[in-house]
1. Of all the residues that make up region 277-296, how many are under 14 Å from Pro9 (Cα atoms), over 17 Å from the mean Cα position of the chain (by Cα) and outside any loop (DSSP other than H, G, I, E, B)?
2. Six or more apart or on different chains, Cβ under 7 Å: which pairs go from a residue in region 306-330 that's open to solvent by 10 Å² or more (accessible area, probe 1.4 Å) to one that's among the aromatic types (Phe, Trp, Tyr)? Could you list them?
3. Just to be sure, is Glu290 modelled with pLDDT of 90 or more, closer than 26 Å to Leu342 by Cβ, of a type in the set (Asp, Glu) and surrounded by 15 or more Cβ atoms within 10 Å (Cβ to Cβ)?
4. Please find, among Ile46, Ile31, Ile42, the residue that is β-branched (Val, Ile, Thr), open to solvent by less than 10 Å² (accessible area, probe 1.4 Å), part of a helix (DSSP H, G or I) and at pLDDT 90 or above.
5. Scan region 314-322 and tell me whether some residue there is farther than 17 Å from Glu53 by Cα and touching a strand residue (DSSP E or B) at 6+ places or on another chain (Cβ under 6 Å).
6. With the checklist (1) open to solvent by 60 Å² or more (accessible area, probe 1.4 Å); (2) over 23 Å from Ile46 (Cα atoms); (3) not basic (Lys, Arg) in hand, flag the one item Val223 doesn't pass.
7. Only residues that are open to solvent by 20 Å² or more (accessible area, probe 1.4 Å) and either within 28 Å of Leu139 (Cβ to Cβ) or among the aromatic types (Phe, Trp, Tyr) (or both): list them for region 331-360, please.
8. Under 9 Å by Cβ, and 6 or more places apart or on different chains, what pairs join a residue from region 405-424 that is farther than 20 Å from Ser258 by Cα with one that is among the acidic types (Asp, Glu)?
Amino acid sequence: MNVALDFHPRLWRALKRYSRERFASDLMAGIIVGIVALPLAIAFGIASGVSPEKGLITAIIGGFIVSLLGGSSVQIGGPTGAFIVIVFGIIQNFGFEGLAVATFLAGIFLVMIGLLKLGTIIKFMPYPIIVGFTSGIALTIFTTQVKDLTGMTIEKLPADFVSKWITYVQHIGSVSGWSLFTGLASIALIFLTPRFTKKVPGSLIAIIVMTIAVYLLRHYAGVTGIETIGDRFEINASLPQPAVIPINMETINLLLPSAFTIAMLGAIESLLSATVADGVTGDRHNSNTELMAQGVANLITPLFGGIPVTGAIARTMTNINNGGRTPVAGLIHAVVLLLILLFLGPLTKHIPMACLAGVLVVVAYNMSEWRTFRSLLKNPKSDVIVLLTTFFLTVMFDLTIAIEIGLLMAMLLFMRRISETTKVSVSTDSIDLSEDAEVPFEDEVLTIPHGVEVYEINGPFFFGIANKFDECMKPLRGKPAVRIVRMRKVPFMDSTGLHNLESLCRLSQKEGIHIILSGVNEKVRAMLEKNGTDKQIGSENICGHISGALARARKLIDGKNNDVS
């Protein structure tokens, strides 16, 4: 058994053959990504229910650790829109201390997933479930931003989706025209910017232009109906001192479901981002190393007041498109954000809340994947049910419930599809070996002796098909002399399959029926030997191929006939 630690940070490999030209490219990419990350980090922090500098702290510390220890050469870590819903809910129910505990526990989960080498398994999450999550989160993010986008006067916004929209309808008369104009203008600038330049992100242009415009309107035109960050938050432009997280068994039990949700969502989003990046760069990330790095980032960030960290697809693609090819670009991006926080942090108080809402509305639109959602509705009915169930659970109830139900549905779908691919067939007359790789003969047809039944299992022999195997034997239970179970196409067997086989042997022996196994591979045979099933069957009754199994069956039948005579 291979127990070696699968932890190989890409930074160490990159530095072995680093060059001045590569540094120049990474430096430019890191500066640009740092600038791009600024408005997003602030917006995600505020939308999550924390102060804007906590979003920046998360991007700085989390982004630095992900690049330092990660398994992807170009991954950019930090706060993302996917966590807004779950983080806001945790803060509402358990306060910021509860969020710190949940994030810390999620970090432990992520490290354990990486240590157990389960990174590749996470990537097998069915696509309809991922689209259902992201589309549901996108709609929820949009819903949370309607208040700031329109400048409505609402003292406390309800937590659930339906109540939010009822409240919006009730307060439609309090919409601020100036705030609405600011938000819509921000959205327009974000969408129009790529037509003029690909280098400068539209969100940054929108924030700069609208912040200046609102500043002039407030101070020289007497406009007071546009709320800014400074009206709601007090900006602390410095890195906080690390604080102890209050963890005990009571808080662990209370926050474990939320921590699991953060870990699973973070794992899915990080590996999805790394996989998309691989498709562009031609590189190949290490899933287990990446998850351990994400775990460490989520262990350390809450000590400084940060929120959950994950891989950010938009910032990762910005890094790639601007020439970043090693983790050094990610480290530079974190340093750029740190300098902005320390020297330009106080200026962020002038950013209009409606402008940030506009940025998040565009983020939600990009996350929605509405074209993909629409195309998936044309897929088989099972995929549509999974897609819609995950989407509505995310929107109407809670992301924790959606993640748990989604994972359960993913496992059930996997088991169903595996059981559908596993076939059990029975032969009583002859076996055609023309397409059989078991024996070196072509176009050979073997005759099955009278009193012998041959059952073939084609696929994994696990609990999903154990009943299918049992049902297949019922119509033929006319008490044959020998039953041959052909297992040449059984790659593995679980404990239920083994129990099913042992029960067959036990019942057959009581009825005086011999059991012969054919074509058992080394892995399955080792399992039989470990559990003593080979002794129950008899090692002479475990044959390498069907020819030997039929010869053994004839010998047993002849011996029985001789005993009778």
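1. 1
2. As it stands, the answer is Val328/Phe23, since those pairs meet every condition given.
3. No, not satisfied.
4. None of the other options fit; the residue is Ile42.
5. No, because not a single residue in region 314-322 is farther than 17 Å from Glu53 by Cα and touching a strand residue (DSSP E or B) at 6+ places or on another chain (Cβ under 6 Å).
6. (1)
7. Selection gives Phe343 alone.
8. Leu413/Asp383; Lys423/Glu456; Val424/Glu456; Val424/Glu471
The values are calculated or read from the model by the stated rules, or taken from the named source; none is laboratory data. Computed from a predicted structure; not experimentally measured. In this analysis, Cβ positions are derived from the backbone assuming ideal geometry, glycine residues included, and neighbour counts consider all displayed protein chains. Side chains included, ligands, DNA and RNA excluded: accessible areas come from the protein's heavy atoms. Shrake-Rupley method; radii C 1.70, N 1.55, O 1.52, S 1.80 Å.
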